[in-house]
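Have a look at the structure below, then the notes.
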């Protein structure tokens, strides 16, 4: 894994870990978003755990790249689902999940081609 791939994966891990912390802390703005897209607020902790596990996988994947690939691909699926839930509920503010999706796709591609 080269420095660019490690840097991009690190940025994604840092961003996702921050999002996980905000989710697990039940930040009021996030509670509102989760409720608006139809996800059960009482299960919001699951979203935080998934994001935290992905961040951990990206960091540990620096030592074992297949783990980082799996974590990045998992995040692609996660953020595709998040955008889908927003659109299904006619919530048009998808900028944040779209940025996370973009970073996840770029990280996945860099890791998959071994750069």
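Per-peptide packing, taken as the mean over residues of other Cβ atoms within 10 Å, places 14-23, 27-36 in the sequence 14-23, 27-36 from highest down.
Over the chain, Cα pairs under 8 Å with separation of 6+ residues give a relative contact order of 33 percent. In terms of other Cβ atoms within 10 Å, 101, 75, 58 run from fewest to most in the order 101, 75, 58. Scaling the Cα radius of gyration of the range 3-112 by the globular reference 2.2 N^0.38 Å produces a ratio of 1.04. Be a star and scan the range 1-35 for residues whose amide nitrogen sits under 14 Å from the point 7 Å along the Cα-to-Cβ vector of residue 56. Those under the cut-off are 17, 20-21.
Coordinate-derived values only; no laboratory data. Everything numeric in this text was worked out from a predicted model, so none of it was measured. Heads up, the Cβs are rebuilt from the backbone with ideal geometry, glycines too, and the neighbour counts pull from every protein chain shown.
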